[in-house]
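Peer 1: I have a structure here, written as structure tokens, and I will follow up with some questions on it.
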Amino acid sequence: MSDNAFFSAKDLHAYYGESYIVQGVSFDVKEGEILALLGRNGAGKTSTLRTIARTSSPQLRQGEIWLEGHALHEMPSFEAARLGVALVPEDRCIIGGLSVEENLKLAQIAEPIGWSIEKIYHHFPRLAERRKQEGITLSGGEQQMLAVARALAREIKFLLLDEPYEGLAPVIVQEIERILENIKELGITTILVEQNAVAALHLADRAIILDMGQIVFDGSAQEVLDNDALRQQYLAI
């Protein structure tokens with residue numbers, strides 16, 4: 001693990017069954033940094049994120065994952081979560097039958113409490129308005145807000161976001177961007193997987209581009225914004 005790295009992935013190789021998806025991925029993330037993990041569909045972005053979060057699939061067969069000196073590669077997802085790792089998946093996983101507030105409070109059961117409910121409602125006023133509404137009846141954008149807020153409801157250090165802008169109207173994307181900017185100001189270290197590469201790059205400090213499960217670029221977000229050839233070749237923008 002690099003001396004100044006908050007998080008470090010070393011030579012990750014991960015599989016879905018016999019399908020070789022993550023092929024020797026290595027990178028570091030500094031504390032408080034936002035890293036955009038970019039690439040075309042099927043490049044291995046979500047698989048890399050799920051590997052870091054220690055979900056059951058894909059299976060990590062080689063490599064090391066370190067967070068503040070803790071070997072995440074040696075532990076299941078629930079132990080990684082106790083160390084402050086929070087994954088917000090693309091499907092959001094809002095729990096049916098529970099209100100917005102119940103979804104938030106459930107995240108705090110048996111976990112160190114992060115943001116209070118009152119603080120969450122301060123940063124997510126739309127959720128405050130819908131606190132008694134069943135979570136799965138919210139709009140797509142509101143469900144995304146709830147998924148991010150639920151992660152913040154427990155004490156986290158490392159936020160992993162998978163496609164937070166997926167399927168959202170532009171006005172809602174702007175609201176999610178505002179929330180993520182607030183999270184950035186709070187110094188929460190974040191990896192952001194996003195097909196809306198331009199929006200992700202304007203938020204991120206650094207960018208990694210994946211192609212066929214391998215890193216083809218690792219540098220500043222501004223470098224990607226300034227490099228038309230790179231964007232056209234690997235991001236189709």
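Peer 1: Picking from G63, G135, which residue would you name as being surrounded by 15 or more Cβ atoms within 10 Å (Cβ to Cβ), modelled with pLDDT of 95 or more and farther than 29 Å from V173 by Cβ? Spell out the reasoning first.
Peer 2: Working: G135 fails: farther than 29 Å from V173 by Cβ.
Among G63, G135, only G63 is surrounded by 15 or more Cβ atoms within 10 Å (Cβ to Cβ), modelled with pLDDT of 95 or more and farther than 29 Å from V173 by Cβ.
Peer 1: Still on this structure, I have one more. Under the condition of being of a type in the set (D, E) and not in a helix (DSSP H, G or I), which residue from segment 102-145 is farthest from A80 (Cα to Cα)? Let's see the steps before the verdict.
Peer 2: Kept after step one, since they are of a type in the set (D, E), are these residues of segment 102-145: 102, 111, 118, 129, 134, 142.
Checking which are not in a helix (DSSP H, G or I) leaves us with 111, 134.
Values: E111: 12, E134: 29 Å.
Across segment 102-145, the extreme among qualifying residues is E134.
Peer 1: Identify, by number, the condition in (1) modelled with pLDDT under 95; (2) in a helix (DSSP H, G or I); (3) not charged (D, E, K, R) that T46 doesn't meet.
Peer 2: With respect to (1) modelled with pLDDT under 95; (2) in a helix (DSSP H, G or I); (3) not charged (D, E, K, R), T46 is out only on (1).
Peer 1: Test each condition in (1) surrounded by fewer than 17 Cβ atoms within 10 Å (Cβ to Cβ); (2) of a type in the set (G, A, S); (3) touching a strand residue (DSSP E or B) at 6+ places or on another chain (Cβ under 6 Å); (4) modelled with pLDDT of 95 or more for S19 and report the one that comes out false.
Peer 2: The single condition S19 does not satisfy is (3).
Peer 1: On the given criteria, is S8 out of contact with any Leu (no Cβ under 7 Å at 6 or more places or on another chain), surrounded by 14 or more Cβ atoms within 10 Å (Cβ to Cβ) and assigned to a strand (DSSP E or B)? Spell out how you get there, then give the answer.
Peer 2: Values: out of contact with any Leu (no Cβ under 7 Å at 6 or more places or on another chain): yes; surrounded by 14 or more Cβ atoms within 10 Å (Cβ to Cβ): yes; assigned to a strand (DSSP E or B): yes.
So S8 fits the description; yes.
Peer 1: Give A169, A204, A153, A199 a once-over and let me know the one that is aliphatic (A, V, I, L, M) and either in contact with a His (Cβ under 6 Å, 6 or more places away or on another chain) or loosely packed, with under 14 Cβ neighbours inside 10 Å (or both). So that I can check it myself, show each step before the final result.
Peer 2: Numbers: A204 fails: either in contact with a His (Cβ under 6 Å, 6 or more places away or on another chain) or loosely packed, with under 14 Cβ neighbours inside 10 Å (or both); A153 fails: either in contact with a His (Cβ under 6 Å, 6 or more places away or on another chain) or loosely packed, with under 14 Cβ neighbours inside 10 Å (or both); A199 fails: either in contact with a His (Cβ under 6 Å, 6 or more places away or on another chain) or loosely packed, with under 14 Cβ neighbours inside 10 Å (or both).
The unique qualifying residue is A169.
Peer 1: Any residue that is of a type outside the set (A, V, I, L, M, F, W, C), assigned to a strand (DSSP E or B) and in contact with a His (Cβ under 6 Å, 6 or more places away or on another chain) - is there at least one of those in segment 91-101? Walk me through how you get there before you give the answer.
Peer 2: Initial filter on segment 91-101 (of a type outside the set (A, V, I, L, M, F, W, C)): 91-92, 96-97, 99, 101.
After this cut, where a residue has to be assigned to a strand (DSSP E or B) as well, the list is 99.
Subset that is in contact with a His (Cβ under 6 Å, 6 or more places away or on another chain): none.
No, segment 91-101 contains no residue that is of a type outside the set (A, V, I, L, M, F, W, C), assigned to a strand (DSSP E or B) and in contact with a His (Cβ under 6 Å, 6 or more places away or on another chain).
The values are calculated or read from the model by the stated rules, or taken from the named source; none is laboratory data. Everything numeric in this text was worked out from a predicted model, so none of it was measured. Cβ coordinates were reconstructed from backbone atoms using ideal geometry, including for glycine residues, and neighbour counts include every protein chain displayed.
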